[in-house]
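In what follows, a single structure is set out as structure tokens and then discussed.
The values are calculated or read from the model by the stated rules, or taken from the named source; none is laboratory data. Just so it is clear, the model here is predicted, and its values are computed rather than measured. Glycine also receives a Cβ, built like all others from the backbone with ideal geometry; neighbour counts cover every protein chain displayed.
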Amino acid sequence: MKRSTVTAIVIVLALIILGALFYQASQRTATVTSPSPSPSDRPSAAASPSASPLSSSPATSTAPVTVDFTSTGFSPKTVNVTSGTTITFKNSTAEDVQPSSDPHPQHTINPELNVGVISAGQSKTITVNQKGSYGMHNHFDPTDTLSVVVQ
């Protein structure tokens, strides 16, 4: 086979694989169940594929909260806070991270959760006000997820 034919086949296969990966990542989105959830309106784990079950979540916090991003993703995976609480996102990796609200890549569920790019070793702090249950992810790797519940 000619070298140009082999090169063309490799490029086509690479594009197919990349397209499949992007499609798979775009299917991993969460939705807001209610702008102001009451205890009876709280979503189940099935309502948000990136959220941890609320029944096993930590207690709601009014104190400032820190979410650490490491080589294994966000820690903790679920944050429960009251409206008006500050959340600091700390990047403990050598790469940039961009915590963003779902869905990827639009980030429209709760724009106040769109933190922006955080360089390696840096932190950014936001204040959350909009009540609800929200999925978040790292824009650069949407498989790294976090659930934020604002009461």
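Can you tell me which residue in the range 108-151 is surrounded by the most Cβ atoms within 10 Å (Cβ to Cβ), limited to those that are closer than 22 Å to N80 by Cβ and of a type in the set (D, E)? My answer is D144. Take the residues of the range 96-107 that are modelled with pLDDT of 95 or more and assigned to a loop (DSSP other than H, G, I, E, B): which is nearest to N80 (Cα to Cα)? Only one residue tops the list, namely Q98. If you go through the range 93-107 and keep only what is crowded, with 21+ Cβ neighbours inside 10 Å and not charged (D, E, K, R), you end up with V97, P99, S100, S101, H104. Selection of first residues in the range 95-110 that are under 13 Å from D141 (Cα atoms) and in contact (Cβ under 8 Å) with a residue 12 or more places away in the chain and of second residues that are surrounded by fewer than 19 Cβ atoms within 10 Å (Cβ to Cβ) and among the small types (G, A, S), restricted to Cβ pairs under 6 Å at least 6 apart or on distinct chains, gives the following pairs, ordered by first then second residue: D96/S119.
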